[in-house]
1. With the condition kept exactly as written, say whether any residue in the range 49-60 is out of contact with any helix residue (DSSP H, G or I) (no Cβ under 8 Å at 6 or more places or on another chain), of a type in the set (D, E, K, R) and over 30 Å from VAL272 (Cα atoms).
2. Going by what's in this entry, would GLY268 be described as of a type outside the set (Val, Ile, Thr), at pLDDT below 60 and part of a loop (DSSP other than H, G, I, E, B)?
3. Please go through (1) more than 23 Å from SER111 (Cα to Cα); (2) exposed (fewer than 14 other Cβ atoms within 10 Å of the Cβ); (3) of a type outside the set (A, V, I, L, M, F, W, C) for SER235 and return the number of the only condition it doesn't satisfy.
4. Among all residue pairs at least 6 apart or on different chains, which show Cβ distances below 8 Å where the first residue, located in the range 74-90, is in contact (Cβ under 8 Å) with a residue 60 or more places away in the chain and the second is outside any helix (DSSP H, G or I) and of a type outside the set (D, E, K, R)?
5. Of (1) in a helix (DSSP H, G or I); (2) under 30 Å from SER229 (Cα atoms), GLY146 satisfies all except one. Which?
6. Go through (1) hydrophobic (A, V, I, L, M, F, W, C); (2) touching a residue at least 40 places away in the same chain (Cβ under 8 Å); (3) closer than 22 Å to SER286 by Cα one by one and return the number of the condition CYS202 breaks.
7. Here are some residues: THR68, THR44. Which one is in contact with a strand residue (DSSP E or B) (Cβ under 8 Å, 6 or more places away or on another chain) and surrounded by 15 or more Cβ atoms within 10 Å (Cβ to Cβ)?
8. Does any residue in the range 129-151 that is over 16 Å from PHE222 (Cβ atoms) come within less than 9 Å, Cβ to Cβ, of a residue that is in a helix (DSSP H, G or I) and open to solvent by 100 Å² or more (accessible area, probe 1.4 Å) six or more places away or on a different chain, and which pairs are these?
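The values are calculated or read from the model by the stated rules, or taken from the named source; none is laboratory data. As the structure is a prediction and not an experimental result, all values here were calculated from the model. All Cβ positions, glycine included, derive from the backbone under ideal geometry; neighbour counts span all protein chains shown. Ligands, DNA and RNA are excluded from the accessible area calculation, which covers all protein heavy atoms including side chains. Shrake-Rupley method; radii C 1.70, N 1.55, O 1.52, S 1.80 Å.
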Amino acid sequence: MAKTSDSPRAHARFKSPADRLFDTLNIVFMICLMVVTLYPFLNTLAVSFNNATDSVKGGIYLWPRDFTWENYKYVFNEATIFQATFISVLRTVIGTITSVFCCAMVAYTISRPEYVLRKFVSIAFILTMYFSGGLIPNFLLIRELGMLGTFSVYIIPGLIGVFNVIVIRSFIEGLPEGILESARIDGAGEFTTFMRIVLPLCVPVLATVSLFTAVSQWNSWFDVFLYNSSYTELSTLQYELMKILQNSNSSMNSGNDYASQFASSESGANQVTPTSIRATMTIVASVPIILVYPFLQKYFVQGMTLGGVKG
């Protein structure tokens, strides 16, 4: 008697026409989705490497027509850009580690059935997602706490993210209760159980939350504008890039239009424009996060799947 094979190749030979049509349409759809997702980034990359005055003509798609480094030289010629990059990296690393750890502790606390205030605390946290004191009360609070002009203003106000707490709590509630009970029987306290049992089991969801927090910290600039705009040593990369873009807009608005500037440039030298600077800033700000994301991708998918569904 002939044996039937359970291999994917054997199954593929017996697919019905409807299944083959579905696979074909699925592949076409995913290719289109990939193109739609990648094209804006590749186009921005091409514009950032193209001569700024030449970019005004349009017609740049996936490859620069007049390659140049001048846009990046203009951005990195700013005296404070490297100090600002260091502050951005520092706030991203410290802010992510402290925020994720604090969110995990809060999530573990409100996930325990024996905590009598868990419902009240959970509701209080959720309310903060819909209501806030407003910009002026927040500024007054930061001022009264003495955090104006300090690095701590980047870290302390964002220690607890309610959405992150909810995601981590859902993940913890899906852990086998027997593991935690075994730790308590062995004499472990709550903090020991949290550090040695819960945290190692929560690596996928912690990696997911870490990615959320790191992106938020890296892209943040408004808090610099509100609290530390007068302290150049505490400026961040995003804030400096925003100022460069504003200066570029101001200089272009105070002069002639792009066409006349391009016509008056007999030597063909590159003259930056807000469009070229915006594209360059997008690449400079995006590349660090893009480099980090592949290392967290498998944890990101697993953490969102397990954290969003209680098993």
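1. Taking every residue of the range 49-60 in turn, none turns out to be out of contact with any helix residue (DSSP H, G or I) (no Cβ under 8 Å at 6 or more places or on another chain), of a type in the set (D, E, K, R) and over 30 Å from VAL272 (Cα atoms).
2. Yes, satisfied.
3. (2)
4. Final answer for the pair search is TYR74/VAL272; THR80/SER235; GLN83/SER235; ALA84/SER235; ALA84/THR236; ILE87/SER235; ILE87/THR236; SER88/THR236.
5. Every listed condition holds for GLY146 apart from (1).
6. Here CYS202 meets the rest and fails (3).
7. THR68
8. MET129/PHE163
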